[in-house]
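Structure first, commentary second.
The values are calculated or read from the model by the stated rules, or taken from the named source; none is laboratory data. Just so you know, these numbers come straight off a predicted model, no measurement behind them. Positions of Cβ are generated from backbone atoms using ideal geometry, with glycine treated the same way; all protein chains shown enter the neighbour counts. When the accessible area is computed, the model is the full protein with side chains, heavy atoms only, and any ligands, DNA or RNA have been set aside. Shrake-Rupley method; radii C 1.70, N 1.55, O 1.52, S 1.80 Å.
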Amino acid sequence: MRIQTVLAVFIATVSVGITSTGFATEKPTGFSESSPVGYWKTIDDTTGRPKSVVQVWRNQDQMLMAKVVKIFPDAHSSQNKTCTACMGDKHNQPIVGMVIISGLKSADTQWANGHILDPENGKTYKCTARLIEHGKKLNIHGYMGLPLFGRSQTWERVDLMSG
């Protein structure tokens, strides 16, 4: 009987300690940890500086799409930058407002079989997307041919309501 009482007090103490130290935290507000729908800040691979803000949404077929909603201009560009390297109907079109990801379909723990446009070179690549860090970051992997050969970027979730 004494062992059961001691064990119960120990479990209660540990539970209170875990809750008060932050191990049992509340779910962040404003987004779902399991959905990439929202706004994401892209980071320049070379400089490490923010490059753009991209909006991700689901279309009527439940596939993920993404468009550029803001550019962080450098000394050589502006919000009015166009895709001079793009072909077809995107040639010389403004990058802000341009759809750069299309066709991503849910596949287990990631989204796959999509396409991503790189407005810097005008090329379109196959892509996958996977949420990491409890939905705070989105890993985008673009590739030609096999996914093994490609490049990944990590986008950071942003809250446009907080500034």
(request) Quote to one decimal, in nm, the extra length available between N80 and R151 on full extension: 0.36 nm per residue of separation minus the C-alpha distance between them. (result) 22.9 nm
(request) For the stretch 63-74, just list the computed ³J(HN,Hα) in residue order, Karplus coefficients 6.51, -1.76 and 1.60, θ = phi - 60°, integers in Hz, with x standing in for Gly and Pro. (result) 8, 7, 10, 8, 9, 7, 10, 7, 10, 8, x, 9
(message) Over the stretch 29-163, with the other protein chains present, what is the accessible area per residue in square angstrom, probe 1.4 angstrom?
(response) 60
(request) Would you kindly state how much longer the chain becomes between E133 and A107 on full extension, computed as 0.36 nm times their sequence separation minus their alpha carbon distance, in nm to one decimal? (result) 7.5 nm
(request) Could you work out how far apart the two model spin labels at K67 and K123 are, taking each label as a point 7 Å from the Cα in the direction of the beta carbon, and quote it in nm? (result) 2.6
(request) Taking H placed 1.01 Å from N in the peptide plane, check which residues at least 5 places from Q93 or on another chain put their amide H under 5 Å from its amide H. (result) C83
(request) Would you mind calculating the gained length between V37 and D89 on full extension (0.36 nm times residue separation, minus the Cα-Cα distance), in nm to one decimal? (result) 16.1 nm
(message) Tell me which of G135, G48, N59 sits at the most positive position along the dipole axis of the stretch 32-136, charges placed on C-beta atoms (Lys, Arg +1; Asp, Glu -1).
(response) N59
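Using the Kirkwood radius over C-alpha pairs as Rh, can you work out the diffusion coefficient of the stretch 25-163 via Stokes-Einstein at 25 °C, viscosity 0.890 mPa s, in µm² per second?
158
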